[in-house]
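One structure is given below, encoded as structure tokens.
Quick note: the coordinates plus some simple rules give every number you see, no bench work behind them. Not measured: the values here are computed from a predicted model. Ideal geometry is used to build each Cβ from the backbone, glycine not excepted, and the neighbour counts take in all protein chains shown.
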Amino acid sequence: MKGIYTIALLLVSNVFMTFAWYGHLKLQEMKVISNWPLYGVILFSWCIALLEYSCQIPANRIGFAGNGGPFTLMQLKVVQEVITLLVFTVFTTVCFKGEALQWNHFAAFVCLVAAVYFVFLK
């Protein structure tokens, strides 16, 4: 169950992270924060990032083999990166209609799946 909890927390964490890093671009496009100063946007993103860290840190603690979890540090990082790119891809294609997936994006995803395979290989 620790592996499932870890992956679920990483998913939630990456949703918050994606909104913290890129959500302000959509809000600016929608004219919600278009006249905010940069420091206001940074503070807004930091508030969202706090939620991200509130999920990321427990995910790493629960999932890390040194704490009784199922993943090595390398495995945790590779899984986190794959989740990050999956969440980012969904966010980008849903929120930014001008961004389209191309064949090379799919090829990169295949390479990432291969990376997960290799990092878990004994």
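Annotations
- Neighbours by Cβ (under 8 Å, 6+ apart or cross-chain): first from region 64-78, under 17 Å from SER13 (Cβ atoms); second assigned to a helix (DSSP H, G or I) and among the β-branched types (Val, Ile, Thr): GLY69/THR6; GLY69/ILE62; PHE71/THR6; PHE71/VAL79; GLN75/VAL119; LEU76/THR6; VAL78/VAL116; VAL78/VAL119
- Hits in region 66-114 (condition: outside any loop (DSSP other than H, G, I, E, B), surrounded by 14 or more Cβ atoms within 10 Å (Cβ to Cβ), touching a helix residue (DSSP H, G or I) at 6+ places or on another chain (Cβ under 6 Å) and not polar (S, T, N, Q)): PHE71, LEU76, VAL78, VAL82, ILE83, VAL87, PHE88, PHE91, CYS95, LEU112
- Lone qualifier among LEU101, LEU86, LEU112, LEU76 - being within 23 Å of LEU25 (Cβ to Cβ) and under 15 Å from the mean Cα position of the chain (by Cα): LEU86
- Check on TRP36, outside any helix (DSSP H, G or I), touching a helix residue (DSSP H, G or I) at 6+ places or on another chain (Cβ under 9 Å) and surrounded by fewer than 18 Cβ atoms within 10 Å (Cβ to Cβ): yes
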